[in-house]
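J.: Mind looking over this structure? Questions follow.
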Amino acid sequence: MREGITAVPRKSKKKPADEPTLSSADINVKMAWLYHVEGLTQEKIASLLNVSRMKVMRALAASAESHMVVTTINADTAEQVALERKLEKRWGLKSAIVVPAPEEEDNLERAIGHAVARYLEEQMKPGMTLAIGGGATLHSSLSFMAQRELTGSTVIGLVGSLPHSKWVNPSIVATKVAERFKVDSYQISAPVVVDDPDLRERLWEQPSLRDVRERAARADMALLTVGAISPDATIFRHGIVPKALIEPLRDRGAVANILCYFVDAAGQMVDHEVNQRIMAIDLDVVARIPHVILAAGGEQKVSAILAALRTVSAAALITDAATARMLLEKADEDRL
């Protein structure tokens with residue numbers, strides 16, 4: 001353990017407001033971990049977290065007083081933080097947020113959704129533009145999102161709409177998040193899946209849809225989830241894409257759907273005609289957004305998450321402890 005603290009702490013250098021900061025399921029434990037286990041200085045920790053050095057000093061002092069730190073990190077969330085650091089180093093993430101695996105698998109989406117809401121509360125600032133997909137995990141985050149006013153901010157929907165506007169409608173999440181932030185939202189006012197590629201191209205030529213696509217390309221953050229190629233996946237379970245396409249897509253190598261596009265294990269779009277009929281912002285455009293957040297969990301999604309990490313350069317990954325362990329194990333196997 002380190003000795004003493006300087007009497008007059010220097011101010012840490014702050015990150016630019018639009019640059020993502022390190023986050024965690026338990027930020028105080030992460031501070032203790034970075035200091036006592038990884039040996040980072042208080043100034044470096046303050047810079048990573050975009051907080052004052054005094055805040056780091058107080059957190060470290062509190063961790064000692066509460067016996068969180070003895071000769072090891074003595075906290076229930078220490079294993080989660082260890083997994084977070086492994087994920088961050090393995091995929092070059094700015095942040096990994098690992099939540100406990102829930103006792104009931106049915107509660108997994110809510111657990112991850114809660115972490116998504118907390119992360120947005122930390123990272124989303126006035127004047128920023130958030131581009132957002134759909135899906136059950138992101139929809140679950142709405143229950144935990146507090147009302148706040150983000151002056152000058154905008155929310156952009158990345159996927160088209162469904163005629164039956166229940167929760168599974170991809171555009172619902174973007175609309176609801178915009179309501180929470182008391183800001184405007186922009187939507188792709190066209191079906192998620194159209195009849196033919198020519199119609200898709202004609203729709204993108206419409207000035208209103210071109211405007212949405214251009215706004216999405218300029219977004220500061222993108223919030224995505226990922227689905228597996230299975231009958232239980234939201235995209236198939238709710239008939240957004242017919243279940244009859246599951247086997248043909250698998251035959252082409254598809255392991256994941258991102259924004260309703262189907263990609264292979266290498267993160268490349270598979271050669272299937274349905275990809276030419278999806279009304280969603282192109283994956284290569286989303287991949288260039290500076291701060292991409294990927295939120296997903298569950299054993300059935302491990303291959304899909306790995307594919308998504310190859311498709312976009314994620315700044316943050318939000319998942320659960322069981323999935324985090326499987327991701328690391330599968331990545332190690334793939335190296336062999």
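J.: Just rank S95, S52, S161, fewest to most, by other beta-carbon atoms within 10 angstrom.
T.: S52, S161, S95
J.: Students often get this wrong: which residues of the range 302-319 have the backbone nitrogen under 18 Å from the point 7 angstrom along Cα-to-C-beta of W167?
T.: Those under the cut-off are none; the list is empty.
J.: Further question: Extending each Cα 7 Å along its Cβ direction at Q147 and S189, get the distance between those two points in nm, one decimal.
T.: 2.7 nm
J.: Okay, next question. I need the peptides 98-111, 307-320 ranked by packing, meaning the mean over residues of other C-beta atoms within 10 angstrom, with the highest value on top.
T.: Highest mean packing first, the order is 307-320, 98-111.
J.: Report the paramagnetic label zone for E214: residues of the range 103-130 whose backbone N is under 19 Å from a point 7 Å from Cα along the Cα-to-Cβ axis.
T.: From the range 103-130, the list is 129-130.
J.: Can you compute the FRET efficiency between A244 and D284 using 1/(1 + (r/R0)^6), with r the Cβ-Cβ distance and R0 = 22 Å? Round to the nearest 0.05.
T.: Result of the calculation: an efficiency of 0.20.
J.: Could you list which residues have their amide H under 5 Å from that of A256, counting only those 5 or more apart in sequence or on another chain, with H placed in the peptide plane?
T.: V263
J.: Going by amide H atoms built from the backbone, whose H comes under 5 Å of the H on S161, apart from near neighbours?
T.: A190, V192
J.: A further question on this structure: Taking R0 as 22 Å, what's the FRET efficiency between D332 and E79 from their Cβ-Cβ distance, rounded to 0.05?
T.: Taking R0 as 22 Å, the efficiency between D332 and E79 is 0.75.
J.: While we're looking at this one, here's another question. Which whole-Hz ³J(HN,Hα) couplings does the range 299-308 yield from phi under the Karplus relation 6.51 cos²θ - 1.76 cosθ + 1.60, θ = phi - 60°, glycine and proline marked x?
T.: 4, 5, 9, 4, 4, 5, 5, 4, 5, 5
J.: Enumerate lysine pairs in the range 93-335 that are 8 or more residues apart or on different chains, then count those whose Cα atoms are under 30 Å apart.
T.: 17
J.: Turning to a different aspect of this structure: For Kirkwood radius over Cα pairs in Å, pick the label among (1) 23.4; (2) 20.8; (3) 21.4 that corresponds to the value derived from the coordinates.
T.: So the structure-derived entry is (2).
J.: To continue, here is another question. Taking 0.36 nm per residue of separation and subtracting the Cα-Cα distance, what length does fully extending R202 through E179 add?
T.: 5.2 nm is the gain from fully extending R202 to E179.
Taken together, the values in this text are just the output of simple stated rules run on the coordinates, not laboratory data. As the structure is a computational prediction, the values presented were derived from the model and not from experiment. Methodologically, a virtual Cβ is constructed for each residue, glycine included, from the backbone with ideal geometry; neighbour enumeration extends over all protein chains shown.
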